[in-house]
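Data first, discussion second: the structure below is written as structure tokens.
The values are calculated or read from the model by the stated rules, or taken from the named source; none is laboratory data. As the structure is a prediction and not an experimental result, all values here were calculated from the model. Reconstructed Cβ throughout: ideal geometry from the backbone, glycine too, with neighbour counts over all protein chains shown. Surface areas here come from the heavy atoms of the whole protein model, side chains and all, with no ligands, DNA or RNA. Shrake-Rupley method; radii C 1.70, N 1.55, O 1.52, S 1.80 Å.
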Amino acid sequence: MKLLGIGSRIKHPEHGLGVITNVTTKHYWVTFIESGLETIDLDSTVEVIEAIDGEVDTVSFYEVEKVMKNLLQRWSDLTPAVAIADKWKGGKLIMEPGTPTQNKEVPIDTFFHKIVMVRDRLRVMEQKINASTLDDAEKVELQQYITRIYGSLTTFNVLFKSQSDYFVGEKTK
């Protein structure tokens, strides 16, 4: 069956009369008079009342947005928000020197943000190493350094709300 364009009018055996309002790679989005917006498979059995020809964009805006978001997350230092554990919200980090000088106080949210930035930049470096033209032995050596860095940062895992955000170093047997 020929692909129907946006604006085509159809009659569906279950939903009745409707107009195609969007076309994706797998579905028509149809606004039906009686049942409202429904998605139906491209190969669904329908009676075509009026077919609209022309170019049909078979990729929806949602699908394009999803692909772009995945690419940006994978190849840039833009990452999804990482939550700080509830018990640390609004807290402060107090650094007390061993000499009789003034303490340094830092909002823990600021410190946490910097830790997350370090982690995210390590991930970007890891991706760049994997995509580089270095030979495999050099890539493995650099990956081992990054793994050790993650291991050094595991102390800060206590700040993260979700375990999936934790730093993970080298596993011991």
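Looking across region 121-173, the residues that are under 17 Å from V82 (Cβ atoms) and open to solvent by less than 40 Å² (accessible area, probe 1.4 Å) come down to L122, V124, Y150, L153, N157, L159, F160, D165, F167. If only residues of region 93-120 that are touching a Phe, Trp or Tyr at 6+ places or on another chain (Cβ under 9 Å) and among the charged types (D, E, K, R) are counted, the one that is most open to solvent (accessible area, probe 1.4 Å) is D109.
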